[in-house]
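Contents: one structure, followed by commentary.
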Amino acid sequence: MSMPKGSINKVILVGHLGKDPEVRYTPSGDAVADVSLATTEFYKTKDGERTEKTEWHNLVMWRTQAEFAKEWLKKGQLVYVEGRLQTRKWEDKEGQKRSKTDIQVDQVTILGGFVGKDKNAVVNNKAADKGDEEIPF
């Protein structure tokens, strides 16, 4: 997918996974993983009280990365993610217009809690990416 000159769509996040990945397969057999990621910001209120705000992000991983997610990513793990924002639009059964913004993941790195040989495993999806496809669900 190419972008016009001077245009950048890049997201970098470090956070904890909110659930185990949900992996599905497209009719053509490509794996797709949906994962939620939490980033938490800590700050002080006007009264000096320490508080926090958690933002939830929807991650979508394709093919090799989705298979990696299925095998290695677990709820609670700390991960580094690079990707791009993509908004999907559709009409629900009642005819209401809906939209959802996901992060299409290009790279994921496990920063902690990795159960395996390589503590900092990196999976880069750019080489395996055949282009954007609509998620069939």
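The values are calculated or read from the model by the stated rules, or taken from the named source; none is laboratory data. For clarity, every value in this text was computed on a predicted model and none was experimentally measured. With ideal geometry, Cβ positions are generated from the backbone for all residues, glycine too; neighbour counts draw on all protein chains shown.
Among the residues of this structure, Gln86 counts as one that is part of a strand (DSSP E or B) and within 19 Å of Val11 (Cα to Cα). Counting only strands (runs of 3 or more DSSP E) wholly contained in region 1-62, the ones carrying 2 or more residues that are surrounded by 10 or more Cβ atoms within 10 Å (Cβ to Cβ) and without any contact (Cβ under 8 Å) to a residue 24 or more places away in the chain occupy 22-25, 31-44, 50-62.
Yes or no, residue by residue, for (1) of a type in the set (Ser, Thr, Tyr); (2) within 23 Å of Arg24 (Cα to Cα); (3) modelled with pLDDT of 95 or more:
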{"site": "Arg98", "(1), (2), (3)": "no, yes, no"}
{"site": "Ile103", "(1), (2), (3)": "no, yes, yes"}
{"site": "Gly113", "(1), (2), (3)": "no, no, no"}
{"site": "Lys117", "(1), (2), (3)": "no, no, no"}
{"site": "Glu134", "(1), (2), (3)": "no, yes, no"}
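Surrounded by 12 or more Cβ atoms within 10 Å (Cβ to Cβ), among the hydroxyl-bearing types (Ser, Thr, Tyr) and modelled with pLDDT of 95 or more: does that describe Tyr80? In short, yes.
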